[in-house]
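Here's the structure we're looking at; comments come further down.
The values are calculated or read from the model by the stated rules, or taken from the named source; none is laboratory data. None of these values were measured; they are calculated from a predicted model. For neighbour counting, all protein chains shown are included, and Cβ atoms are generated from backbone atoms with ideal geometry for every residue, glycine included.
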Amino acid sequence: MIQLYELAGADPEVRFSPYCWRIRMALAHKGLEPETLAWRFKDRAKLPGKAVVTQVPVLLDQGRVLSESTRIAFYLEHEYDSCPSLFGGPAGEPPTRFIIHWADSVLNPGLFPLVVADVFAALHPRDQAYFRESREKRLGRSLEQIAAARGEFLPGFRASLAPLRRTLAEQRFLGGEEPSYADYAVFGGFQWARVVSPADVLAEDDTLVAWRSEMLGLFEGLAAEAKRAV
Ligand SMILES: N[C@@H](CCC(=O)N[C@@H](CS)C(=O)NCC(=O)O)C(=O)O
């Protein structure tokens with residue numbers, strides 16, 4: 001049985017990591033059902049073998065321990081090659097790397113100030129001091145200052161979605177007619193925000209709302225049914 005370590009909040013059922021969501025969706029795409037294990041920042045627990053988890057997702061499969069969502073996705077693609085391709089075949093792999101890097105370097109950092117205070121609120125008290133210290137260092141401001149400035153970050157974030165909006169105005173999914181890992185890499189960020197935040201990061205009339213709803217409904221509503229912190 002495949003096991004997947006995922007970041008959990010105070011409520012162990014609340015799973016919000018954007019990188020873990022990529023892999024949950026990728027596993028479902030392959031028709032694989034993992035056992036998911038709650039992991040918290042302060043649980044730098046040893047795994048079977050010698051590995052220590054410092055970042056999730058971590059996937060355990062057939063005695064292998066894999067970290068880094070992109071590495072895990074490519075592992076699943078090639079290890080489970082008789083299951084539906086995550087990339088629409090080999091030609092889809094190189095351009096998907098660009099989309100992953102866009103999500104890692106533009107989308108998720110753009111979401112970060114919008115959700116960081118909500119993530120803090122959702123965390124187990126044991127994780128909060130570490131999270132506050134590490135994230136305030138990264139942002140150069142207190143979580144409260146960031147939360148108060150949400151309205152200043154929102155327009156820039158929404159403007160940064162233009163390439164995504166334009167692409168999805170022309171095709172149903174980033175993968176074309178069917179969703180692919182490119183969709184999961186991007187959707188992870190939106191699911192992160194949805195699970196932790198009461199406020200929507202998209203405007204009501206944003207055309208991306210339709211794509212996000214389709215993503216939420218995939219695999220019998222895997223993401224839609226996920227427990228939210230709010
Ligand atoms: N590049 C990694 C990023 C994973 C990542 O940032 N995970 C976060 C949770 S969303 C984490 O485990 N952080 C541990 C920490 O900040 O101590 C991937 O793609 O898997």
Check Glu133 against each of (1) over 16 Å from Tyr19 (Cα atoms); (2) within 12 Å of the ligand (Cβ to nearest atom); (3) of a type outside the set (Gly, Ala, Ser); (4) touching a residue at least 24 places away in the same chain (Cβ under 8 Å) and name the one condition it does not meet. (4)
Which pairs have Cβ atoms under 7 Å, sit 6 or more apart or on different chains, and link a residue in region 139-158 that is among the polar types (S, T, N, Q) to one that is assigned to a helix (DSSP H, G or I)? Ser142/Glu136
Which listed residue, of Val195, Val186, Val209, is part of a helix (DSSP H, G or I), at pLDDT 95 or above, of a type in the set (A, V, I, L, M) and touching a strand residue (DSSP E or B) at 6+ places or on another chain (Cβ under 8 Å): Val195
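Give the residue, chosen from Val106, Val119, that is in contact with a Phe, Trp or Tyr (Cβ under 8 Å, 6 or more places away or on another chain) and of a type in the set (Val, Ile, Thr).
None of the other options fit; the residue is Val119.
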Which of (1) under 29 Å from Asp200 (Cβ atoms); (2) within 21 Å of the chain's Cα centre (by Cα) is the odd one out, the single condition Arg141 does not satisfy? (2)
